[in-house]
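K.L.:
Sharing a structure, written as structure tokens. Questions coming.
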Amino acid sequence: MRKAIILSLCMCCAVALQAQEAVLSLDSCRAMALRNNKELKISGTEIDRAGWNHKVAESQYLPRVNALGGYMYSARKMQLLSKKQRKGLSSMGTTASEQLQSYLEANPQLAQALSQYSSLLSGLDLPLNAVGMSIVDAFSTDTHNAMAAGVTLTQPVYMGGKIRAYNNITHMQIDLARNAHDLDAIDIIVEVDETYWQIVSLQAKLKLAQQYLSLVDKLESDVTKMVKQGFQTKADLLSVKVKVNEAHVTIIQITNGIAINKMKLCQLCGLDLNTPIRLANEEVDNSADYQALLPQEAVMQARSNRLELNSLDKAIDIYKEKEKLVKSDYLPHVALVGSYLATNPAVYNGFEKKFKGDFHVGVMVTMPIFTAGERKYKMMAARDETDEARLRLAEAREKIELQVNRNMQLKQEAQERIVTARKSQDEANENLRCANLGLQENVIPMRDVIAAQTAWVKANTTMIDAKIDLRMASIYLDKSMGTLNYNYNGR
């Protein structure tokens, strides 16, 4: 009764633990990884940044409006007249009076005739001096405090093709950022698949190790009885015990490996590392239909689908546009310019201590004439960058072709290994059955039974590895051909 109660409690605990475990399929792991991966989010922001840069490039077609303002204090004010001119104007009446007096002294008759006007003439110096001072004051500007404010508008008309080239470059950079984002997504999916199937492989090997432990435990029990009956020696029993201990160690190692890989899968999926999870695909099988392709077909698919090749094509186009950018620096630049500028003091009605301004409209043209060979050298450097991009593209095509052929061979090898492993399984099962019967009949030595059990474990392990290798080879082949599906919306 006590054992039944304890067993019931253990079963309830196991059910509760299973209820708390998250059951993850391969697709759900991929979706969570794509949704939660930080590197993928970073590359997503790079797409946004490339989009904003393209908006910046498009804005170069539109006019620019700028406001300006300034204030300047000068220690000395501006004078439009020299010191000699100011002195002459301020004493204009006195000078005129002295010259008239000298003239009259030289001409007594004229002085006698104008004697009745002498009082009037002698009083003209002060008004004339006042007039001269007013003229001096009119030409004297108060520029101790100068202020200016205005608005300018510039509309590009022709920039040598620079704006169009810049626009094309930023548009292609969006495609490059998207390709980089998708490549990151593919790498994440491959890493998730590797970890997922590694866990499946270890779980299958754990079951195999537990079955092997049952075999050696039973063998230990049988040999113990035979030792008592005198049919086996204690040395044989110790050899079996060593195998039992090895089986226990193997189970511990595999269990630890499963725990570590589950933590890694949780990290890839954005879950807490200690989240209890259970995989939906706990059995390793090769029931999937792996379509065979000719090497030429696979290479053609890779050339049309690989994002790396598309990115290198875009890079060549970008370098061609950069050649246009370099060329545009040495072509005429035409722009319409309009402005309104107000100053204080204003000069439109003398010098007035108030803000007054005016509108200005014009055309600005710039054209380099002599650059000492700079244009030629820059164009040669830009063309070298384009040639380098073409060589990188050619090299990438060769490497991708090699990668596709290698992955096709790995897949074919994995398929052949499954066939061979299945035959080895059948032979190992029959060999183990015969060894167990022979041991019971005491017609074969115990070491042959241990060898048969070891061969059985090896054959089953080879089958597990072959099935996992076939799945991973198919994933690697899809990646090398550019046909790996990474468009998951997340569940």
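K.L.:
Provide the per-residue ³J(HN,Hα) series for segment 338-346, in order, calculated from phi with Karplus coefficients 6.51, -1.76, 1.60 and θ = phi - 60°, each as a whole number of Hz, with x at glycine and proline positions.
P.N.:
Each residue's phi maps through the Karplus curve to give x, 7, 10, 10, 10, 10, 9, x, 9 Hz.
K.L.:
Can you list the residues of segment 332-358 with backbone N under 18 Å from a point 7 Å past the Cα of Tyr71, pointing along Cα to Cβ?
P.N.:
Flagged as within label range: 342-346, 353-356.
K.L.:
When the helices in the chain are scored as -39500 (n - 2.57) per DSSP H run of 4 or longer and the sum is shared across all residues, what 222 nm value do you end up with, to the nearest 500 deg cm²/dmol?
P.N.:
-24500 deg cm²/dmol
K.L.:
List the GluC sites (Glu not before Pro) within segment 385-491 that DSSP assigns to loop and that have no more than 14 neighbouring Cβ atoms inside 10 Å.
P.N.:
Glu441
K.L.:
For the chain, give the percent of accessible area contributed by carbon and sulfur heavy atoms, probe 1.4 Å, rounded to a whole number.
P.N.:
About 57 percent, which is the carbon plus sulfur part of the accessible surface.
K.L.:
Moving to a separate point now. Which of the chymotrypsin sites (Phe, Trp or Tyr not before Pro) found in segment 351-383 are loop residues per DSSP with 11 or fewer other Cβ atoms within 10 Å of their Cβ?
P.N.:
Phe370
K.L.:
Suppose we keep just the alpha-carbon trace of segment 206-319; what are its Rg and Dmax in angstrom?
P.N.:
Values for segment 206-319 (Cα only, Rg and Dmax): 26.2, 87 Å.
K.L.:
With a/c under 1.5 counting as rounded, go ahead and sort segment 380-491 into rounded, prolate or oblate using the C-alpha gyration tensor (a ≥ b ≥ c being the square roots of the eigenvalues; past the cut-off, prolate if a/b is larger than b/c, else oblate).
P.N.:
Verdict is prolate for segment 380-491.
K.L.:
Using only Cα atoms, find the angle between the long axis of helix 26-36 and the longest principal axis of the chain, and express it within 0 to 90 degrees, rounded to the nearest 10.
P.N.:
Compared with the principal axis, the helix lies near 20 degrees.
K.L.:
Enumerate the amide H contacts of Ile277 below 5 Å, restricted to partners 5 or more residues apart or on another chain; note that Pro and chain-start residues carry no placed amide H.
P.N.:
Excluding prolines and chain starts, which carry no amide H, the hits are Ala22.
K.L.:
Whose amide H sits under 5 Å from the amide H of Asn145, counting only residues 5 or more places off or on another chain, with H placed in the peptide plane?
P.N.:
Close amide H contacts, sequence-distant or interchain: Ser74.
K.L.:
Additional query: Pull up the cross-link candidates among the lysines for Lys320, meaning alpha carbon to alpha carbon under 22 Å and not fewer than 8 places away within one chain.
P.N.:
Lys55, Lys162, Lys376, Lys378
K.L.:
Scan segment 344-392 for trypsin sites (Lys or Arg not before Pro) in coil per DSSP, keeping those whose Cβ has at most 14 other Cβ atoms within 10 Å, and list them by number.
P.N.:
Lys353, Lys354
K.L.:
Another question, if that's okay. Give the distance, in whole Å, between the Cα centre of segment 15-91 and the Cα centre of segment 420-446.
P.N.:
Cα centroid of segment 15-91 versus Cα centroid of segment 420-446: 76 Å apart.
K.L.:
Mind listing the phi-derived Karplus ³J(HN,Hα) values for segment 168-178, rounded to whole Hz, using 6.51, -1.76 and 1.60 with θ = phi - 60°, and x for any glycine or proline?
P.N.:
5, 4, 5, 5, 6, 5, 5, 4, 5, 5, 5
K.L.:
Now a separate question. Please list, in order along segment 425-442, the HN-Hα scalar couplings obtained from phi with the Karplus expression 6.51 cos²θ - 1.76 cosθ + 1.60 (θ = phi - 60°), rounded to whole Hz, x for Gly and Pro.
P.N.:
Whole-Hz 3J(HN,Hα) from phi for segment 425-442: 4, 4, 5, 5, 4, 5, 5, 5, 4, 5, 5, 5, 5, x, 5, 4, 8, 6.
K.L.:
If you take the square roots of the eigenvalues of the alpha-carbon gyration tensor of segment 308-445 and sort them as a ≥ b ≥ c, do you get rounded (a/c under 1.5), prolate (a/b over b/c) or oblate?
P.N.:
It comes out prolate by the Cα gyration axes.
K.L.:
While we're looking at this one, here's another question. I'd like the orientation of helix 2-20 relative to the chain: the angle between its Cα long axis and the longest Cα principal axis, in ° from 0 to 90, rounded to 10.
P.N.:
Once rounded, one gets 30 degrees.
K.L.:
So for the chain, Kirkwood radius off the Cα pairs, Stokes-Einstein at 20 °C and 1.002 mPa s: how many µm² s⁻¹?
P.N.:
Once the numbers are plugged in, D ends up at 64 µm²/s.
K.L.:
Express in nm, to one decimal, how much length is gained between Glu297 and Glu395 on full extension, taking 0.36 nm for each residue of separation and deducting their alpha carbon distance.
P.N.:
Using 0.36 nm per residue and subtracting the Cα-Cα distance, I get 33.3 nm.
K.L.:
Quick check on my link table: of Lys38/Lys322; Lys205/Lys243; Lys207/Lys262; Lys207/Lys228, which ones sit more than 26 Å apart, alpha carbon to alpha carbon?
P.N.:
Flagged as over cut-off: Lys38/Lys322; Lys207/Lys228.
The values are calculated or read from the model by the stated rules, or taken from the named source; none is laboratory data. Note that this is a predicted model, so its numbers are computed, not measured. When we count neighbours, we look across all protein chains shown, and the Cβ atoms used for this are built from the backbone with ideal geometry, even at glycine. Keep in mind that these areas ignore ligands, DNA and RNA; they rest on the heavy atoms of the full protein, side chains included. Shrake-Rupley method; radii C 1.70, N 1.55, O 1.52, S 1.80 Å.
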